[in-house]
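Asks: After the structure tokens below, expect a handful of questions from me.
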Amino acid sequence: MGRERNLFPELSERKGGTMSTIAAFYSGKSILITGATGFMGKVLMEKLFRTSPDLKVIYILMRPKAGQTLQQRVFQILNSKLFEKVKEVCPTVHDKIRAIYADLNQNDFAISREDMQELLSCTNIIFHCAATVRFDDPLRHAVQLNVTATQQLLLMASQMPKLEAFIHISTAFSNCNLTHIDEVVYPCPVEPKKIIDSMEWLDDSIIDEITPKLIGDQPNTYTYTKALGEMVVQQESGNLNIAIVRPSIVGATWQEPFPGWVDNLNGPSGLIIAAGKGFLRAIKATPMAVADLIPVDTVVNLTLAVGWYTAVHRPKSTLVYHCTSGNLNPCNWGKMGFQVLATFEKIPFERAFRRPNADFTSNNFMNQYWNAVSHRAPAIIYDFYLRLTGRKPRMTKLMNRLLRTTSMLEYFINRSWEWSTYNTEMLMSELSPEDQRVFNFDVRQLNWLEYIENYVLGIKKYLLKEDMAGIPEAKQHLKRF
Ligand SMILES: CCCCCCCCCCCCCCCCCCCCCC(=O)SCCNC(=O)CCNC(=O)[C@H](O)C(C)(C)COP(=O)(O)OP(=O)(O)OC[C@H]1O[C@@H](n2cnc3c(N)ncnc32)[C@H](O)[C@@H]1OP(=O)(O)O
Ligand SMILES: NC(=O)C1=CN([C@@H]2O[C@H](COP(=O)(O)OP(=O)(O)OC[C@H]3O[C@@H](n4cnc5c(N)ncnc54)[C@H](OP(=O)(O)O)[C@@H]3O)[C@@H](O)[C@H]2O)C=CC1
């Protein structure tokens, strides 16, 4: 019993009769999630099942992928380490997930008539997480998923008699052309409807040509279309109870269900791998610029609190919530790089190409210099060695790809933004003490050094799937350089 109390504080609360209000709210509910197979979606589902095992059903709109059927994908998610605790708290979890075939790129999402009927008549809450998060997506595709699909989902929502709240996940960078960003939806220069219409009749080459003009001072099609998506939400909210959550750079879990969980290469994760493996040793970054990272479990806790608040308090207008760390507990890229390197000393990655290093420079000339000396030259030399030994050269290709990636991220690591967090702080003050604990999104409590260490460890374990027993050998390997 004692052990169980430690493992599942949320449950012991329930047994003790002081159940969290938010957890109780989701009990018996039918919840629709888009993007449930993504990084954030999985953590959202996990937390919902763990804290509200009595929820009625989670509908997930999903497509088959990489040769796997919907059922196989669900099975894989539920059998992953992330869901270990859930299976103990909610043994019927398999029966509570309804995977619905849907492709958000298609008309009516290609959902069957029966499925659509069920969704329309039963859904109580919608969490819209699906998006394309690639920075280099062609505008047509980014508009389709981040704007048109949002519009279609709103239309569906407007036909749901039992719907209590619609929570739209956007990004804190949807207005990154501004330096101070308030919790409001900013107008876009061109109406989203006009953009959607034009995508229907313009051909790809013309779209590619006008993309830079359309996106203007936005850095890429992702942030641009997320801004358009927010406008659609505001314009077409009708009588719906809607809220928008804007996370900054979403990182590995901080606490729940366990620290350091991450399963994709987005945000800093890919660069941490490249640095730990010794490929990336210098980057164009401003050490003093704020590294506005936010753990994925913090985002999920805020999102669930927003769902409850929106449904129960029914604010008159669409509220926007910033889920950021910079103004409450700032960390900068210099400190982060330093801590990442310090962690590599303790827990190095296996078979590194070179000894990890992290030179940050905001100077263009120095950056070109480091790229030539630290990246391109070693790659050319290594490929020469591979050729000599009768193997296929690959390092130059890999390096070019990595440098292309870093060049796309540069915009975000050489600037600082200020996000106001009035609504988020207001919501925190509205929560009961149990809710503040069970759905903690108070980022002031985050210890960055500990978080970054767990993040790097999580990358090693869950992304690279390296065994901790290999650490002594990895250390030996680094000593040879
Ligand atoms: C000196 C160094 C020191 C370092 C140490 C210190 C570290 C600290 C400093 C760190 C600074 C951090 C800065 C973060 C700033 C983020 C700002 C975000 C702000 C906005 C926040 C948001 O709101 S934004 C949501 C997040 N959005 C992204 O962050 C997408 C970005 N990114 C892409 O837009 C594409 O990445 C881009 C780039 C086009 C390339 O594209 P690309 O095509 O070249 O490469 P890909 O990434 O697609 O994939 C390459 C290969 O990895 C395979 N792969 C993919 N996933 C996989 C998986 N899960 N498991 C296995 N393998 C996987 C894939 O299958 C490919 O393999 P294959 O070649 O075999 O097919
Ligand atoms: N990660 C981050 O740093 C940040 C993310 N955000 C926002 O958070 C939300 C979730 O992001 P995250 O979890 O990181 O993203 P992921 O890329 O991990 O997940 C995207 C999800 O969208 C689904 N999806 C994409 N295209 C389609 C389609 N055509 N039909 C059905 N489903 C589709 C994917 O399904 P499938 O598995 O089939 O591909 C996946 O479940 C997004 O709205 C993003 O903009 C905001 C700030 C930062």
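The values are calculated or read from the model by the stated rules, or taken from the named source; none is laboratory data. Since the structure is predicted, the reported quantities are computational estimates derived from the model, not experimental observations. Heads up, the Cβs are rebuilt from the backbone with ideal geometry, glycines too, and the neighbour counts pull from every protein chain shown. These area figures cover heavy atoms from the full protein model, side chains too; ligands, DNA and RNA do not enter into them. Shrake-Rupley method; radii C 1.70, N 1.55, O 1.52, S 1.80 Å.
Asks: Check ASN332: other-chain or 5+ apart residues with amide H under 5 Å from its amide H, H built from backbone geometry?
Replies: The list, which skips near neighbours in sequence, is ALA291.
Asks: Another question, if that's okay. What per residue convex hull volume, in Å³, comes out for the chain when only alpha-carbon positions are used? Show your work: numbers first, answer last.
Replies: Numbers: hull volume 78.0 nm³, N = 481.
So the per-residue Cα hull volume is 162 Å³.
Asks: Two-decimal Rg/Rh of segment 164-245 from alpha-carbon positions, Kirkwood Rh?
Replies: On the way: Rg = 13.7 Å, Rh = 13.8 Å.
Checking Rg against Rh, the ratio lands at 0.99.
Asks: Relative contact order, percent, of the chain when contacts are C-alpha pairs under 8 Å separated by at least 6 residues?
Replies: Working: 796 pairs, mean separation 82.2, N = 481.
Contact order relative to length: 17 percent.
Asks: Rounded to the nearest 0.05, what FRET efficiency do ASP136 and ASN239 have when you use their Cβ-Cβ distance and R0 = 51 Å? Write down the numbers at each step before the final one.
Replies: On the way: r = 38 Å, r/R0 = 0.74.
According to the calculation, E is roughly 0.85.
Asks: On to the next question. How large is ³J(HN,Hα) for each residue in segment 108-124, as worked out from phi by the Karplus curve 6.51 cos²θ - 1.76 cosθ + 1.60 (θ = phi - 60°), to whole Hz, x for Gly and Pro?
Replies: Running phi through 6.51 cos²θ - 1.76 cosθ + 1.60 with θ = phi - 60° gives 6, 6, 6, 7, 5, 4, 5, 4, 4, 4, 5, 4, 5, 8, 10, 5, 9 Hz.
Asks: Please name which of VAL233, LEU119, ILE33 has its Cα lying farthest along the dipole of the chain towards the positive end, using unit charges on Cβ (Lys, Arg +1; Asp, Glu -1) and the Cα centre as origin.
Replies: The residue sitting farthest along the positive end of the dipole is ILE33.
Asks: Calculate, in nm to one decimal, what LYS346 and THR396 gain on full extension: separation in residues at 0.36 nm each, minus their alpha carbon distance. Could you put the intermediate results ahead of the total?
Replies: Values: separation 50, 0.36 × 50 = 18.00 nm, distance 2.92 nm.
Here the segment from LYS346 to THR396 would lengthen by 15.1 nm.
Asks: Once the dipole of the chain is set up with Lys and Arg at +1 and Asp and Glu at -1 on Cβ about the Cα centre, which of LEU402, HIS128, LEU431 lies farthest towards its positive end?
Replies: My answer, from the dipole projection, is LEU402.
Asks: Along the charge dipole of the chain, pointing to its positive end and built from +1/-1 on Cβ of Lys, Arg, Asp and Glu, which listed residue (GLY267, GLY307, ILE210) has its Cα farthest out?
Replies: The Cα lying farthest towards the positive end belongs to GLY267.
Asks: Which value, in debye to the nearest 20, describes the size of the charge dipole of the chain about its Cα centre when Lys and Arg Cβ atoms bear +1, Asp and Glu Cβ atoms bear -1, and nothing else is charged? Could you put the intermediate results ahead of the total?
Replies: Working: 53 positive and 48 negative charges, 407 e Å.
With Lys and Arg at +1 and Asp and Glu at -1, about 1960 debye.
Asks: Still on this structure, I have one more. Based on the Cβ-Cβ distance of LYS316 and MET426, what FRET efficiency does E = 1/(1 + (r/R0)^6) give at R0 = 22 Å, to the nearest 0.05? Before the final figure, lay out the partial values.
Replies: Numbers: r = 14 Å, r/R0 = 0.65.
After rounding to 0.05, the efficiency reads 0.95.
Asks: May I ask you to rank TYR224, TYR101 by accessible area, largest first, using a 1.4 Å probe over the protein chains only? Present the calculation step by step, with values, prior to reporting the outcome.
Replies: Working: TYR224 10, TYR101 95 Å².
In descending accessible area the options line up as TYR101, TYR224.
Asks: Under 14 Å from the Cα of LYS316, which aspartates and glutamates turn up, not counting those fewer than eight places away in the same chain?
Replies: Output for LYS316: GLU164.
Asks: Would you mind working out the magnitude of the charge dipole of segment 335-387 relative to its Cα centre, with +1 at each Lys and Arg C-beta and -1 at each Asp and Glu C-beta, to the nearest 20 Debye? Let's see the in-between values first.
Replies: Numbers: 7 positive and 4 negative charges, 13 e Å.
Result for segment 335-387 is approximately 60 debye, rounded to the nearest 20.
Asks: To continue, here is another question. From the backbone phi of segment 403-419, what are the Karplus-calculated ³J(HN,Hα) couplings (6.51 cos²θ - 1.76 cosθ + 1.60, θ = phi - 60°) in whole Hz, Gly and Pro given as x?
Replies: 5, 5, 4, 4, 5, 6, 8, 3, 3, 8, 10, 10, 9, 10, 10, 10, 10
Asks: So, with a 1.4 angstrom probe, what is the percent of accessible area on the chain that is carbon and sulfur?
Replies: Details: 11410 of 21400 Å².
Roughly 53 percent, rounded to a whole number.
Asks: So if I take the centroid of the Cα atoms in segment 334-378 and the same for segment 78-147, what is the distance between those two points in Å?
Replies: Rounded to whole Å, the Cα centres lie 38 Å apart.
Asks: Then there's this: Suppose a student asked you for the relative contact order of segment 248-348, using Cα pairs under 8 Å spaced at least 6 residues apart; what percent would you report?
Replies: For segment 248-348, the relative contact order is 37 percent.
Asks: From the alpha carbon gyration tensor of segment 105-215, can you work out the equivalent ellipsoid semi-axes (sqrt of 5 times each eigenvalue) and give them in Å, largest to smallest?
Replies: Semi-axes from the Cα gyration tensor: 28, 20, 11 Å.
Asks: Any idea what the dipole of segment 109-260 comes to, in debye rounded to 20, about its Cα centre with Lys/Arg Cβ at +1 and Asp/Glu Cβ at -1? Let's see the in-between values first.
Replies: Details: 9 positive and 19 negative charges, 42 e Å.
Computed about the Cα centre, the dipole is about 200 debye.
Asks: List the aspartates and glutamates whose alpha-carbon lies under 13 Å from that of LYS85, not counting same-chain residues fewer than 8 positions away?
Replies: Output for LYS85: GLU4, GLU10, GLU46, GLU256.
Asks: Can I ask one more? Evaluate E = 1/(1 + (r/R0)^6) for SER158 and ASN414, where r is the Cβ-Cβ distance and R0 equals 56 Å; express this FRET efficiency to the nearest 0.05.
Replies: On the way: r = 42 Å, r/R0 = 0.75.
Calculated transfer efficiency: 0.85.
Asks: Over the Cα atoms, compute the radius of gyration (one decimal) and Dmax (the largest Cα-Cα distance, rounded to a whole number) for segment 335-481, in Å.
Replies: 20.6, 67
Asks: Just the number: Rg to Rh for segment 44-157, Cα atoms, Kirkwood Rh, two decimals. Can you show the working numbers first?
Replies: Details: Rg = 15.2 Å, Rh = 15.5 Å.
A ratio of 0.98.
Asks: Then there is this: Given only helices, namely DSSP H runs of n ≥ 4 each adding -39500 (n - 2.57), what is the per-residue ellipticity at 222 nm of the chain, to the nearest 500 deg cm²/dmol? Could the numbers behind the result be given before it?
Replies: Numbers: 23 runs with 227 residues, N = 481.
Calculated from helices alone, the mean residue ellipticity at 222 nm is -14000 deg cm²/dmol.
Asks: Residue separation times 0.36 nm, minus the C-alpha to C-alpha distance between SER121 and LYS81: what's the value? Could you put the intermediate results ahead of the total?
Replies: On the way: separation 40, 0.36 × 40 = 14.40 nm, distance 3.37 nm.
Full extension of this stretch gives 11.0 nm more.
Asks: How are the Cα pair distances of segment 335-422 distributed, in percent, across 10 Å bins from 0?
Replies: Result, from short to long distances: 13, 35, 34, 13, 4, 1, 0 percent.
Asks: Once the piece of chain linking MET288 and ILE210 is laid out straight, how much longer is it, given 0.36 nm per residue of separation minus the C-alpha distance between them?
Replies: Full-extension gain reported as 24.6 nm.
Asks: ASN266 label point, 7 Å along Cα→Cβ, cut-off 20 Å on backbone N: hits in segment 115-134?
Replies: Label zone hits: 126-134.
Asks: Under 1.5 on a/c is rounded, so check that first for segment 158-297, then, if it is not, pick prolate when a/b is larger than b/c and oblate when it is not; a ≥ b ≥ c are the square roots of the alpha carbon gyration tensor eigenvalues.
Replies: Details: a/c = 2.07, a/b = 1.30, b/c = 1.60.
Oblate.
Asks: With a probe of 1.4 Å, find how much accessible area the chain has per residue, and write the answer as a whole number in Å². Before the final figure, lay out each step's value.
Replies: Details: 21400 Å² over 481 residues.
Accessible area per residue: 44 Å².
Asks: May I pose another question? In the structure displayed, which of LYS277/LYS475; LYS65/LYS460; LYS42/LYS277; LYS65/LYS397; LYS193/LYS226 lie more than 20 Å apart, Cα to Cα? It would help to have the intermediate numbers written out before the result.
Replies: Details: LYS277/LYS475 12 Å; LYS65/LYS460 25 Å; LYS42/LYS277 28 Å; LYS65/LYS397 27 Å; LYS193/LYS226 14 Å.
Pairs exceeding the cut-off: LYS65/LYS460; LYS42/LYS277; LYS65/LYS397.
Asks: Still on this structure, I have one more. From the phi of every residue in segment 143-152, what ³J(HN,Hα) in whole Hz does the Karplus formula 6.51 cos²θ - 1.76 cosθ + 1.60 yield, where θ is phi - 60° and glycine or proline is x?
Replies: Values, residue by residue: 5, 4, 7, 8, 10, 4, 5, 5, 4, 5 Hz.
Asks: For the pair ASN329/PHE481, report the inter-label distance in nm, with labels modelled 7 Å from Cα in the Cβ direction.
Replies: Inter-label distance under the simple model: 3.1 nm.
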